[in-house]
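Below is one structure, written out as C-alpha cells, with a few remarks after it.
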C-alpha cells in the first residue's frame, strides 16, 4: 500500500502538496496537480477515508 510520502517522492513534491491536491482546498498549479495525480495512479494510491474522517472529526 502506497503512502502520501511515496506519491510525493515519485512526483518530486513535498507530502503536504500531495495532501493539498487530494483535499482540493489549496491553489496548486495544474502542472503539479497532474504530476501528483499521475504518480498516485502509478502507485495505486487511494486516500484513506477513515483517516480523513478522523482528521476532520466527521464520521
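FYI, it's all coordinate maths here, none of it is from the lab. Values in this document were obtained by computation on a predicted structure and should not be read as measured data. Every residue, glycine among them, receives a Cβ derived from its backbone with ideal geometry; neighbour counts consider all protein chains shown.
In region 4-55, Cα pairs under 8 Å separated by at least six residues give a relative contact order of 36 percent.
One compactness figure for the chain is 1.09, namely its Cα radius of gyration divided by 2.2 N^0.38 Å. Here the simple spin-label model places points 7 Å from the Cα toward Cβ, and for residue 27 and residue 41 these points are separated by 2.7 nm. Approximating the spin labels as points 7 Å out from Cα along Cα→Cβ, the residue 53-to-residue 34 distance works out to 3.6 nm.
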